Structure formats: structure tokens, C-alpha cells
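Heads up: the structure comes next, in C-alpha cells.
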Protein chains: 2
Amino acid sequence: MKDEKTQTEDHILNSAEKVFQRKGMDGARMQEIANEAGINKAMLHYYYRSKRFLFEAVFAKAFSLIAPEIDRVLSDDNTDLFQKIKNFTNSYISFIQKHPYLPNFIIQELNRDADFIKVLQAKKGFPDFSKFEAQVEKEVQEGKIRPIKAEQLFVHLLSLNIFPFLAAPLFKGFLKIDDKAYKDLMEERKEEISNLLINYIKIKE
Amino acid sequence: MKDEKTQTEDHILNSAEKVFQRKGMDGARMQEIANEAGINKAMLHYYYRSKRFLFEAVFAKAFSLIAPEIDRVLSDDNTDLFQKIKNFTNSYISFIQKHPYLPNFIIQELNRDADFIKVLQAKKGFPDFSKFEAQVEKEVQEGKIRPIKAEQLFVHLLSLNIFPFLAAPLFKGFLKIDDKAYKDLMEERKEEISNLLINYIKIKE
DNA sequence: GTCTATATTAAGATAGAC
DNA sequence: GTCTATCTTAATATAGAC
């Protein structure tokens, strides 16, 4: 019994995820979610009470999927910055190829409701920037990298990795290339981004 | 008479711009646009026939505002790459501080309707990447910069400039800073981004 | 727990007076 | 050209049978 309930609940959540990530909160239709799940609308309300609650469940799940990816850069103590940059870039790009709608979904909905980030901050697993900051400062002092602000490095890293997926339609239009060529370009970026940033923080002799 | 018409039409467009850029196509309400403009819903239909058409007018206007900013980097023949990167970064960040909703609006709606970029491509003033590409190749051959793919440099430049505004709520959350501190960080980036990219394409001796 | 049928509300769009 | 009133449709949500 309990298993059945959990199963359906989960099935709805997965279906809702697909629709919300394609259409956003406002564009999504409960009917479409029901169709996607192969059940009727009433069931959605039975399990999640309202569209709003269903949406928030989807959003929380999506964020909890991407947060560890970010947090790994910030909190892992065992690798130096050079290696962290490489690791993040590599794993993030592979990760996002599997979840292409995710970055747009997160960004879009955070722009719709600026305070929602506070709800997320309160949750366990929210990325902790202060550890990354401490590491940057430490490596600067040890003379491993040249002086740089941790905030800027962090913003660079995320911008270079995330934006090209967010703006894929725009770039394809500018560069006049198709999906395949764009995917190759993204694959190339694993090397490209690491080189750019490592070259930047490295101390010149 | 004609002036009156044009004036109201324009007033509606400006009001619609505000609402659409805050709420997106799906989230915007015709009633809200009418309120913003201080008129009634019927007027919106009188001038723009449907929500779809009104939206497209707003989008076209928004895009025509940002396209020249991009095109300036791509097509200006009189400055070398080093200077172009500086100019673009400087002027883009200043520009976007004045139009904070614009990047999110463009990106979001292009993700909703991937084919819409084709409509834009057909328009006059659409940024022409091939000129930029030619310039990069030329400067590489002349030994002014080290070998690099024009596409990647272009993606870097736009990512570093645009994403931090798109993801402002996210970054404020991660870095735990307020609007003022974030604005300062963005101001700093004018220098920061130029340095990062110029350092990257410069030939090491 | 799952369905069909229906209530309720709200949005886009139009008719028609002025 | 501008308004009020209204039509139509569609979406969220609920009631109630099974």
C-alpha cells in the first residue's frame, strides 16, 4: 500500500519535472502533466494539493540535483584549485548534457521569485562558498597562484560552464551551426575552459 | 490624429515591455499590461490584435536594442581584438545595468521557442559572426595573438559578460551578499573580464 | 486510490455604444 | 479611438461515485 502510493507520487513528480522544465511554472498545464504521467488531473491534486506545491517539489528536486555538482568545487578539501577547476568543468559539462533543461529552469524560476533562494539556502546541502574562499586565500598566500578574488574566480567558472547551455539557441543562431556542431563545441570546452582559467591564476615566471 | 495613434501604440509597447520582461510571455497578463499603461484591455487588442502579436513586438524591440551591442564587437573593422574585448565588456556591462531584465527575457523566450531565432536572423542588424571570425584568423596569422578558435573566444566573451546578470539571484545566494555588493562586483568585472581574456589570447614570450 | 463530472475562476478576445 | 459589458474558452481545483 505505502509502496503503491510512493510509486505513483514519484511517477507524478517525474512527469511534472519534464513538463515544468520545458514550459516553466506559468507555461506548464496540469492537463499536460497528467497526460505525461498517463493519469488524470484529479490525481495530481490528490497527491500534491495544488500546482504550486507540485512545482515546488519539482524545483526542490532539481536544485538538489545540481547543488552537489556546485558544492563539490567548493567544499572538497583534497584537491588544489587547478585540479578542482578541471574536475568541475569536466563533470559539469557531462552532467548537463544529461539534463539539458535544468540550468534554464533554475535560473528562470529564481528570476521569477527572487526570495526563493532563501528557502534553498536554509536547506542542507546548499553550497558553502566560504570554504572555497578560504582555499583561494590560502593558495595565494602559499604562492601557488597569483592574487585573485575568490568571488570573481567563482563567477568566471560558473559563467563559462553554464551560460553556453542556457544560451544554446542564441549561440546556434549567431554562429549559424546545427545541434551536432554545437555539441562538439561544448565538448571542446572542457579543455578550453580549464586552460583559460588555469592560465589566468597561474603565476608567470 | 496619426500622432495620437502612434503615441498610444508606443505607450502600450513600453508598458507591455515592462510586464513581459518581468513575467515572461506566459506569466504576463493583458490586464496587468493595461493597468501599467493606464488604459483598458480592449485597447491592447485594438492596437495589437492579440497577446502573441504584442509580445512579438516587445521581443523584436528588445532584441533590436541588444543586437547592436553584440554586433559592435563583431563588425567594427577599426579596432584590434584586444581593444574590442575591452570596449565590449565596458559598454555591455554599463548597458545592462540600465536594462536588467533584458538578458533573462531574451534567453528565456528563445528557450521557449527555439525557432524564433530564425525570424530574428532574417532581420537587418542581426549580428554577423563571420566578420569576427575573419578578424581572429587574420590576427592569428599576423602573429598578434596566439592560435584560438573564434567561436570559443566569442562564447567566452558573452558568457563572462551576460551570465552574471542572468544568474544574479543565484550568485547573491551563493556568495551571501546584497544588491549593493553585487553591483560593485559587477563593476569590478569590467577590468576582470578584459584581463582574463586578453591574458588568454596574448602571445607569451 | 482512481476515476468522471463539474464547479469556479480567470484570461484572452470581441461587440457595440459613444 | 476609447470605453463598458460580455462572450468564450480553458485552466485549476473539487465533489462524489466506485
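List of remarks:
- Failed item in (1) crowded, with 17+ Cβ neighbours inside 10 Å; (2) modelled with pLDDT of 95 or more, with B:Ile96 passing the rest: (2)
- Any pair with Cβ under 9 angstrom, 6 or more apart, that starts in the stretch A:54-76 at a residue that is touching a residue at least 12 places away in the same chain (Cβ under 8 Å) and ends at one that is in a helix (DSSP H, G or I) and small (Gly, Ala, Ser): A:Leu54/A:Ala16; A:Phe55/A:Ala16; A:Ala57/A:Ala16; A:Val58/A:Ala16; A:Glu69/A:Ser91; A:Arg72/A:Ser91; A:Leu74/A:Ser130
- As a summary of the residue check, A:Phe174 satisfies the conditions (1) within 20 Å of the chain's Cα centre (by Cα); (2) closer than 28 Å to B:Arg22 by Cβ except for the one numbered (1).
- Taking the listed residues B:Leu65, B:Leu54, B:Leu74, the one that is within 14 Å of chain A (Cβ to nearest Cβ) and among the hydrophobic types (A, V, I, L, M, F, W, C) is B:Leu74, with no other qualifying.
- Pairs where the first residue, in the stretch B:166-183, is more than 7 Å from chain A (Cβ to nearest Cβ) and of a type in the set (S, T, N, Q) and the second is assigned to a helix (DSSP H, G or I) and surrounded by fewer than 20 Cβ atoms within 10 Å (Cβ to Cβ), C-beta under 7 Å, 6+ apart: none
- Within the stretch A:24-74, tally of residues that are away from DNA strand D (no atom under 16 Å from the Cβ) and aromatic (Phe, Trp, Tyr): 1
- On the stretch given as the stretch B:112-125, residues that are closer than 13 Å to A:Gly173 by Cα, in contact (Cβ under 8 Å) with a residue 24 or more places away in the chain and either exposed (fewer than 14 other Cβ atoms within 10 Å of the Cβ) or not assigned by the TED database to the domain that holds B:Ser75 (or both) total 1.
- Boolean, A:Val19 is within 12 Å of DNA strand D (Cβ to nearest atom) and within 13 Å of chain B (Cβ to nearest Cβ): yes
- Helices (runs of 4 or more DSSP H) within the stretch B:1-109 that include 1 or more residues in contact with a Phe, Trp or Tyr (Cβ under 7 Å, 6 or more places away or on another chain) and within 16 Å of DNA strand C (Cβ to nearest atom): B:2-27, B:51-75
- Candidates are the residues of the stretch A:126-165 that are within 17 Å of A:Asp77 (Cβ to Cβ), touching a residue at least 60 places away in the same chain (Cβ under 8 Å) and more than 10 Å from chain B (Cβ to nearest Cβ); the one that is surrounded by the fewest Cβ atoms within 10 Å (Cβ to Cβ) is A:Lys144.
The values are calculated or read from the model by the stated rules, or taken from the named source; none is laboratory data. This one's a predicted model, so the numbers in the text were calculated from it and none came from an experiment. Methodologically, a virtual Cβ is constructed for each residue, glycine included, from the backbone with ideal geometry; neighbour enumeration extends over all protein chains shown.
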